[in-house]
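Input: a single structure, listed below in structure tokens.
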Amino acid sequence: MDKQEPKWIIRWLRRFCDQDLIEGIEGDLFELFELESKEYSTSKARRRYIWRALGFFRAALINKRKSITYQLTAMIGNYLKISIRTALKNRTSSMVNLLGLTLGLTACGFLAQYIYQEWSYDRHFADYDKIYRLTLDMEFGDEMTKLAISPSGFGKAVNDKAPQVETFGMLRRFSNFQFKKGSELVKTSHIYQTEAGLHNILNYHWLSGDPQKALSEPYSIVLTQSLADKLLTNNSNPVGQILTRDNEDQYTITGIIADPPITSHIHPEAFISLSDPNVVNQMDAWRWVTYVKVTESFDTNKFEQTLAEISTDIFGDEGGSGRGKIIIQPEKLTDIHFISDRKFEMEANDGNKIYIQGFSILMILILSMSIINYVNLTTAQTHQRLKEVSVRKTFGAQKKQIISQLFFESGLMIGISVSVALIIIISGQSIFQNYAGIELSIFQMLNWQAILMVVAVLLFILLFSGIYPSLKLSGIKAFQKELKTKTNRFRSVLILFQLSLSCLVLIGTTVVYQQYQFMTSQELGFDQNQIITTKMDDVAIKNYWVIHDKLMQLPEVKAIASAEHSPGEMAPINNFEYNTNDGPKKVVCPHIWADQHYVEALQLNIIAGKDFEDYRGNDGKRIGVLINETFAEESGWTPEEAVGQTLKSGTRWEDKIIGVVQDFHFVSLHHAIEPMVIRHIIGGRDLLIKTASTDYQNLMTEIDRIWQETAGTEQAEFTFLDKHFQQQYEKDQKRAELFAGFSFLIIFISLAGLFGLTTYTVQRRLKEMSIRKVHGASAIQILSLMTKEFGILSLLAAFIALPTAYYVFNSWLENFAYAINLQPILLTLPVLLLMLLILLTAAIRSYKVVQVNPAQILRDE
Amino acid sequence: MKGSQLGELEEIILLTVGALYDDAYGVAVMQDVEQRTGRKITISTVHSVLKRLEEKGYCESRYDGATNERGGRRKHLFRVTTAGENVLHTSREIRNGLWNAIPNMAFNKK
């Protein structure tokens, strides 16, 4: 008969039911089922069967003492009791064990957030894996200039010619855009211009307006919610309202998008449409960043080939106007945040894959340290548990049950650790977020994948920490007195691993910290202190000399300079030509524009020739240029020879070198010093005020007063140059500190582990040491006996760690333009320190043996 | 003693067990009760009553007679013990006594 009774319900019933009754019940249910399946349809008979079976779950039949479930809960109760008793018996080591695991998990929780935020950059866009940014590598002579920007017609040209490209998008940033709100001016710094198809590439979340049509008309603007809140007085129906820019251009609001997540390489405040739709066909405006979306059937190699062909097509083989071949470089959208450091990036990309990798490795290290600790401490316990397991076995415990008991214990420990770690993470969340600059909330990160991963990691820890002790203990015979295993050697290997890693991490922290110190304390080559800067608007530039002279009358002001580009900014690139004995030579290098007080304000050293003459005319008269030392060096001149040479650029410009300044770090210490040219200009946008005093409060009111008198319109925003420079290192500093913090955590965890292990050793060898003492062993002898093992292990660890550290950190330092030397002291000092700590940890714990009265220990024997 | 009292359903089922003599198991009891009294009771009720009766010592049980009909499971068979017999007798005597005590007048009032 193919009619089947539902078996699952019976299986379930069996767990709860008195084992003596179940057979009769099953038989009766079956008999009735057979009867009814003749009478009714099978499905009805099955339904009635289930219903009947459910009836048996009534209390009377669930004999508590005889059902499997009851036995199981009773067993778990027993396990719990034993676990707690074992933990209390070894209070110190249990605490150490829990502490290590909890700290480890907490640290991982925090680290994971940091890694997740960095990783999630630009992944909120749909099809992020199909979007590429097309950048250009441009050859100038023998130098390659990597540009983020491309001509305005580039995107469309690629779109038309490459079959792999589905659609394109282009962006151009305006960093100074002011809107009128009544009589007030609202400044914005992230306005992006785009063509109509933006939504097909970067799909923002539109709150109102039609994403497909919003940007097709000239002078349309799409605001982010926060800018709309700032700009509009009546916010209820923004679409259709008109915004006026400071130059009286009028923009119609055609849409509102939700504030985009900060985890993106651009942070738009608004998008404006093309004022002339025709620019997508033009090739002369090089201000645009081009994106393409590729089709499903996309192949990287083929794509690059097509791009090479297109490059020749668009730019020609030689490019023309002094430049060489142009190579199109596609960059994955998700990589931009990490790798892209090109000229004319729209916004600085401060992501750093090395740090992400570093932190990921750190996280894995912390986890493995915690696990190793746990395994070590548990295996050390095995001797104590031998008796318990033997008794269990004698009373008929099966191997499976012993294993499940030990896994239960591991699970319990991990459960406690996880709960405590969670409490710490949640309560410390806001502090950490502030500190590490994490702007995603923890709930934004908790999607199901993240939860799945956390669960997987926890299961992994459970498996790893439970498997060794349970296999070792479950395999023993009931009357075995000693564990004939290689537990000790295994443990030694784990400790060695742990100590080597600690050494490595400590050296690493020292090196990273030293490098950071080195970078921030480096001489920039100019005096960045006591310089106030601001950006001047057109009115201020027109009245520049009035402002200059008035400010100079203040006793606190030492010098005032104006320039296009102040230190800390990326300088634009230009190509210069000069004549040598071997004919004309070309160099591509940054150049800045400055007036005659620039050298004075920054206190640059002129090592040959002289400074600009005091010429106030704004007619572009050629009064000579300054170059830096590196420029002279690369050209093969001594500074003295360089003075008087002629520089040419393009066909129209040429000027004489009148002076050479000592090298200075214009951008930051991340960048190597390049050749640089300083050209003369009056009325640059940057104003630099060198002050004599540090009493800024008084000075600032004076400056503000003069500013309002002469420049009129608005109050300028002043910043301090040294602060501006400091900001460049802020993220570095945070990372270095985070790194150091977590590294010390690793060391702490492993030391805590050793502490716990020593506790066990002390317990085990108490008798032995007491006998030794009775026979006259001194405190020193006993201590050295107790700490010998760790001493040898830490020596071995040092031998493993030192060469590894040397290799790893030497190659790491190669990433920096200016790096410290890896001196032996830098490597050995941390190791010695760590060894001292290890021995101290072991000795402190072992001192208990020295203190104890041997008579008390030995009197039972 | 608490629990030595026989409930009404208990009494009926104990009597049925006696009546079925050597074939008193769950389904048979259920069907017999249904036939004789017209009362529909569920199989789980039968089992729990039987279990209660066994705990009170009024019947005893054994497993016997595996058949294919029951998917190879043996029947859980019940038999009335002496104590069970006694309690049934007592119960009957109480009733008989009560019957006898009823004056004829009481039921023939009409």
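Read-outs: derived from the displayed coordinates by stated rules, not from any lab. Remember, predicted model here, so these are calculated numbers, not experimental data. Methodologically, a virtual Cβ is constructed for each residue, glycine included, from the backbone with ideal geometry; neighbour enumeration extends over all protein chains shown.
The mean count of C-beta atoms from other chains within 10 Å of the C-beta of residues in A:45-55, rounded to a whole number, is 1. Computed from label points 7 Å out along Cα-Cβ, the spacing between A:Arg58 and B:Asn104 is 4.4 nm.
In the protein assembly as shown, a dipole from Cβ-located charges (positive for Lys and Arg, negative for Asp and Glu) runs towards its positive end, and of A:Phe303, A:Pro261, A:Ile10 it is A:Ile10 whose Cα lies farthest in that direction.
Here the label points at A:Leu412 and B:Asn86, each 7 Å from Cα along the C-beta direction, are separated by 5.0 nm in the simple model. Give me P(r) over chain A, computed from all C-alpha to C-alpha distances, binned every 10 Å, as integer percentages. Going from the shortest bin to the longest, the percentages are 2, 9, 14, 17, 16, 13, 11, 9, 5, 3, 1, 0. Over chain A, what is the relative contact order in percent, taking alpha-carbon pairs closer than 8 angstrom and at least six residues apart? Contact order relative to length: 13 percent. Considering only alpha-carbon pairs that sit under 8 angstrom and 6 or more positions apart, the relative contact order computed for segment A:126-250 is 18 percent. When the alpha carbon gyration tensor of chain B is reduced to an equivalent ellipsoid, the three semi-axes, largest first, read 31, 17, 11 Å. Across segment A:611-619, rounded Karplus estimates of 3J(HN,Hα) from the backbone phi angles (6.51 cos²θ - 1.76 cosθ + 1.60, θ = phi - 60°) give 6, 4, 6, 7, 10, 9, x, 10, 9 Hz, Gly and Pro being marked x. Compared with the alpha-carbon gap, the fully stretched path from A:Ala779 to A:Thr252 is longer by 181.0 nm at 0.36 nm per residue. Taking 0.36 nm per residue of sequence separation and removing the Cα-Cα distance, the A:Val546/A:Asn447 pair yields an extension gain of 29.6 nm.
Between the beta carbons of A:Gln708 and A:Tyr807, assuming R0 = 45 Å, the FRET efficiency works out to 0.15 to the nearest 0.05.
For segment A:243-290, applying the loop criterion from DSSP together with a ceiling of 16 other beta carbons within 10 Å to the chymotrypsin sites (Phe, Trp or Tyr not before Pro) yields A:Trp286. Comparing Cα centroids, segment A:277-307 and segment A:556-581 end up 34 angstrom apart. For the pair A:Phe744 and A:Thr92 in one chain, pulling the backbone fully straight at 0.36 nm per residue adds 232.6 nm over the alpha carbon distance.
In this label model, A:Lys477 and A:Asn698 are separated by 9.5 nm, measuring between points 7 Å along each Cα→Cβ vector. Sorted on the mean count of surrounding Cβ atoms within 10 Å across their residues, most packed first, peptides A:18-24, B:18-24 read A:18-24, B:18-24.
Computed from point charges on the beta carbon alone (+1 for Lys and Arg, -1 for Asp and Glu), the dipole magnitude for the protein assembly as shown about its Cα centre is near 8280 Debye. For segment A:728-861, the alpha carbon convex hull comes to 113 Å³ per residue, rounded to a whole number. Set Lys and Arg Cβ to +1 and Asp and Glu Cβ to -1, take the dipole of segment A:730-861 about its Cα centre, and tell me which of A:Tyr818, A:Gly776, A:Phe742 lies farthest positive. Of the candidates, A:Gly776 comes out farthest on the positive side. Note on segment A:774-791 and segment A:601-638: Cα centroid distance 73 Å, given to the nearest whole angstrom. Averaging the Cα positions of each part gives two centres, and for segment A:828-855 and segment A:105-125 these lie 39 Å apart.
Using C-alpha pairs below 8 Å separated by at least 6 residues, the relative contact order for segment A:639-785 is 9 percent. With a Förster radius of 56 Å applied to the C-beta separation of B:Thr42 and A:Asn815, the computed FRET efficiency comes to 0.10.
Highest mean packing comes first when the peptides A:79-86, A:452-459 are listed by Cβ atoms within 10 Å, giving A:79-86, A:452-459.
Peptide B:42-49 has a mean of 6 when you count, residue by residue, the C-beta atoms of other protein chains within 10 Å of its C-beta. Only the Cβ atoms of Lys and Arg (+1) and of Asp and Glu (-1) were treated as charged; on that basis the dipole of segment A:68-194 about its Cα centre amounts to roughly 900 debye.
The charge dipole of segment A:526-675, taken about the Cα centre with unit charges on the Cβ atoms of Lys, Arg (+1) and Asp, Glu (-1), comes to about 400 debye, rounded to the nearest 20. Counting only alpha carbon atoms, the long axis of helix A:824-851 and the longest principal axis of chain A meet at about 30°. The packing ranking, built from the mean of other Cβ atoms within 10 Å per residue, places the peptides A:497-510, A:33-46, A:739-752, A:114-127 in the order A:497-510, A:739-752, A:114-127, A:33-46, highest first. In units of the compact-protein estimate 2.2 N^0.38 Å, segment A:616-702 shows a Cα radius of gyration of 1.40. Here, segment A:527-612 yields an orientationally averaged convex hull projection of 7.7 nm² when only Cα atoms define the hull. For the modelled label position 7 Å from the Cα of A:Glu654 along Cα-to-Cβ, which residues of segment A:560-593 have backbone nitrogen atoms closer than 20 Å? Answer for segment A:560-593: A:574-589. Assuming R0 = 51 Å, what is the FRET efficiency of A:Asn234 and A:Glu717, from their Cβ-Cβ distance, to the nearest 0.05? Given R0 = 51 Å and the Cβ-Cβ separation, E is 0.95.
Taking every residue in B:69-79 and counting other chain Cβ atoms within 10 Å of its Cβ, the average works out to 5. Compare the Cα positions of A:Val375, A:Ile424, A:Phe395 along the charge dipole of segment A:353-430 (+1 at Cβ of Lys, Arg; -1 at Cβ of Asp, Glu; about the Cα centre) and return the one farthest towards the positive end. Working it through, the farthest residue towards the positive pole turns out to be A:Phe395. Derived value for segment A:339-379: Kirkwood hydrodynamic radius 12.9 Å. Basis is the mean of 1/r over every pair of different alpha-carbon atoms. On a 0 to 90 degree scale, rounded to 10, what angle separates helix A:22-39 from the longest Cα axis of chain A? Computed tilt is about 70 degrees. Within chain B, helices built from complete DSSP H runs that reach 15 Å or longer along their own axis (Cα positions) and carry a mean Kyte-Doolittle hydropathy of 0.5 or higher are B:8-20.
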